[in-house]
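Just below is one structure, and these are the notes that go with it.
The values are calculated or read from the model by the stated rules, or taken from the named source; none is laboratory data. For clarity, every value in this text was computed on a predicted model and none was experimentally measured. As a convention, Cβ positions derive from the backbone with ideal geometry for all residues, glycine included, and neighbour counts pool all protein chains shown.
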Amino acid sequence: MSDSSTKSTEDQNLPATLAPAVTSAQRTQIINIVRRAAKAEIMPRFRRLSDGDIRTKSSASDLVTDADTRAEAMITRALQIAFPSALVIGEEAVAAKPDLLDGIAEAQLAFHIDPVDGTWNFAHGLAVFGVIIAATRYGKPVFGLIYDPVGDDWAIADEEMTPELQRPFGAPRMLKAAEAKPLEDMSGIIPLHLFPKEKQAQLAATFSGFSRVNTLRCSAHEYRMLAQGHADFSLTALLHPWDHAAGALIAARAGAHVEMLDGGDYDATRTTGHLLIAPDKATWSKLKKTFSFLIAENENAPE
């Protein structure tokens, strides 16, 4: 890994107004926390779940497993010890207590945990799932980690560092979003089933204008694809911060243009709207015209 203890000491000596939300040493600490949780609570359960270990939440396709709850508990405890003044929010904790989200806007440092992103895949034995950790400052993403427990590697970025794909051994690889190209040559990520029923047919009709449109049922790997340039654009529906805060930051740091479809920066306090990510601003604007029917009539969408 490229971080050093020397850099960490320098970070800690910066004035408070300039100090990063997460220092280089703390980045390493968070990586170790996530890897330990995956080794202890997630991977031992992969392809070994019984029917009683899998439960539904909002629908038959919205699942939670013992791996989700136990990994989240382990990661939450470790982050609370490492960052005692931070707000720590897990996806499963919010399912039980939704008002936890109310504190994001006022939190100088908040962590967002998706302990097993892609739970449906995980529960059905598909190796397309990950662990997502994001940190926000007053709602703005300032740190993102997307970990693949199967491959034991992770995409990582913050406000300053070069976004990288890292692994325990070997040199990291810089992340770089796709180059701009004509819309008909682009591959995109659109989870059609998450959009309102009344918009799905119109949205599906746009797919023929692209080379390919996919969904992996896993934000973690979808954002890793974007940050590596393996997918050109994405359009999201539900704005859960544990799904998008880390990936939005990593994609932006990798060179993509990240903006809400109705205009403005992504913010973890947003609960409605659609996040559109494209290779550059010009391509984003073309895609916005394609998807403009998704913007509510009463929204004042800037051009």
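So that you can scan it fast, the table gives a plain yes or no per residue for (1) free of Cβ contacts under 8 Å to residues at least 40 places away in the same chain; (2) loosely packed, with under 15 Cβ neighbours inside 10 Å; (3) of a type outside the set (A, V, I, L, M, F, W, C):
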{"position": "PRO115", "(1), (2), (3)": "no, no, yes"}
{"position": "GLY125", "(1), (2), (3)": "no, yes, yes"}
{"position": "ILE132", "(1), (2), (3)": "no, no, no"}
{"position": "ALA135", "(1), (2), (3)": "no, no, no"}
{"position": "TYR138", "(1), (2), (3)": "yes, no, yes"}
{"position": "GLY144", "(1), (2), (3)": "no, no, yes"}
{"position": "TYR147", "(1), (2), (3)": "no, no, yes"}
{"position": "ALA178", "(1), (2), (3)": "no, no, no"}
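One line per residue, one yes/no per condition, for (1) at pLDDT below 95; (2) in contact with a strand residue (DSSP E or B) (Cβ under 7 Å, 6 or more places away or on another chain); (3) part of a strand (DSSP E or B):
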site	(1), (2), (3)
HIS230	no, no, no
ALA245	no, yes, no
ALA248	no, yes, no
GLY255	no, no, no
TYR266	no, yes, no
THR269	no, no, no
ILE277	no, yes, yes
LEU287	no, yes, no
ALA301	yes, no, no
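Within the range 90-106, is there a residue that is more than 17 Å from LEU239 (Cα to Cα), out of contact with any Cys (no Cβ under 6 Å at 6 or more places or on another chain) and either crowded, with 18+ Cβ neighbours inside 10 Å or not assigned by TED's automatic domain parsing to the domain that holds VAL150 (or both)?
No, that holds for no residue.
Let's see how each residue does on (1) among the basic types (Lys, Arg); (2) at pLDDT below 95; (3) assigned to a helix (DSSP H, G or I):
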position: LYS39; (1), (2), (3): yes, no, yes
position: GLY52; (1), (2), (3): no, yes, yes
position: SER61; (1), (2), (3): no, yes, no
position: GLU72; (1), (2), (3): no, no, yes
position: VAL88; (1), (2), (3): no, no, no
position: GLU92; (1), (2), (3): no, yes, yes
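I'd like the full set of residues that are surrounded by 14 or more Cβ atoms within 10 Å (Cβ to Cβ) and of a type outside the set (A, V, I, L, M), limited to the range 266-284. Working first, answer last.
Within the range 266-284, the subset surrounded by 14 or more Cβ atoms within 10 Å (Cβ to Cβ) is 266-270, 273-280, 283-284.
Hits for the range 266-284 are TYR266, ASP267, THR269, ARG270, GLY273, HIS274, PRO279, ASP280, THR283, TRP284.
Please go through the range 244-262 and pick out each residue that is of a type in the set (Val, Ile, Thr) and farther than 17 Å from ILE146 by Cα.
Across the range 244-262, the qualifying residue is only VAL258.
What's the number of the only condition in (1) buried (at least 20 other Cβ atoms within 10 Å of the Cβ); (2) hydrophobic (A, V, I, L, M, F, W, C); (3) more than 19 Å from PRO115 (Cβ to Cβ) that ALA237 fails to meet?
(1)
Of all residues in the range 187-226, count the ones that are farther than 30 Å from TYR147 by Cβ and assigned to a helix (DSSP H, G or I).
So in the range 187-226, the residues farther than 30 Å from TYR147 by Cβ come out as 196-209.
Then keep just the ones that are assigned to a helix (DSSP H, G or I); that gives 197-204, 207-209.
Counting residues in the range 187-226 that are farther than 30 Å from TYR147 by Cβ and assigned to a helix (DSSP H, G or I) gives 11.
Any residue in the range 272-296 that is of a type in the set (S, T, N, Q) sitting within a Cβ distance under 6 Å of a residue that is surrounded by fewer than 21 Cβ atoms within 10 Å (Cβ to Cβ)? List the pairs, counting only those 6 or more apart or interchain.
These pairs meet every condition: THR283/ALA180; THR290/THR206.
Of everything in the range 183-223 that's in contact with a Phe, Trp or Tyr (Cβ under 9 Å, 6 or more places away or on another chain) and among the basic types (Lys, Arg), which residue is surrounded by the most Cβ atoms within 10 Å (Cβ to Cβ)?
Within the range 183-223, the match that is surrounded by the most Cβ atoms within 10 Å (Cβ to Cβ) is ARG217.
Among what's in the range 26-58 and is among the basic types (Lys, Arg) and surrounded by 19 or more Cβ atoms within 10 Å (Cβ to Cβ), pick the residue that is nearest to GLY118 (Cα to Cα).
Among residues in the range 26-58 that are among the basic types (Lys, Arg) and surrounded by 19 or more Cβ atoms within 10 Å (Cβ to Cβ), the one nearest to GLY118 (Cα to Cα) is ARG45.
With respect to LEU249, determine if the residue is within 26 Å of LEU87 (Cβ to Cβ), surrounded by fewer than 20 Cβ atoms within 10 Å (Cβ to Cβ), out of contact with any Ser or Thr (no Cβ under 6 Å at 6 or more places or on another chain) and not small (Gly, Ala, Ser).
Judged against the criteria, LEU249 is not a match.
For the range 42-65, which positions are closer than 18 Å to ALA93 by Cα and either without any contact (Cβ under 8 Å) to a residue 60 or more places away in the chain or assigned by TED's automatic domain parsing to the domain that holds LEU194 (or both)? Step through it out loud before you land on a result.
Initial filter on the range 42-65 (closer than 18 Å to ALA93 by Cα): 42, 53-59, 62-65.
The answer is ASP53, ARG55, THR56, LYS57, SER58, SER59, ASP62, VAL64, THR65.
Taking the criterion of being touching a residue at least 60 places away in the same chain (Cβ under 8 Å), farther than 27 Å from ASP62 by Cα and not assigned by TED's automatic domain parsing to the domain that holds ALA127, would at least one residue in the range 227-246 satisfy it?
yes
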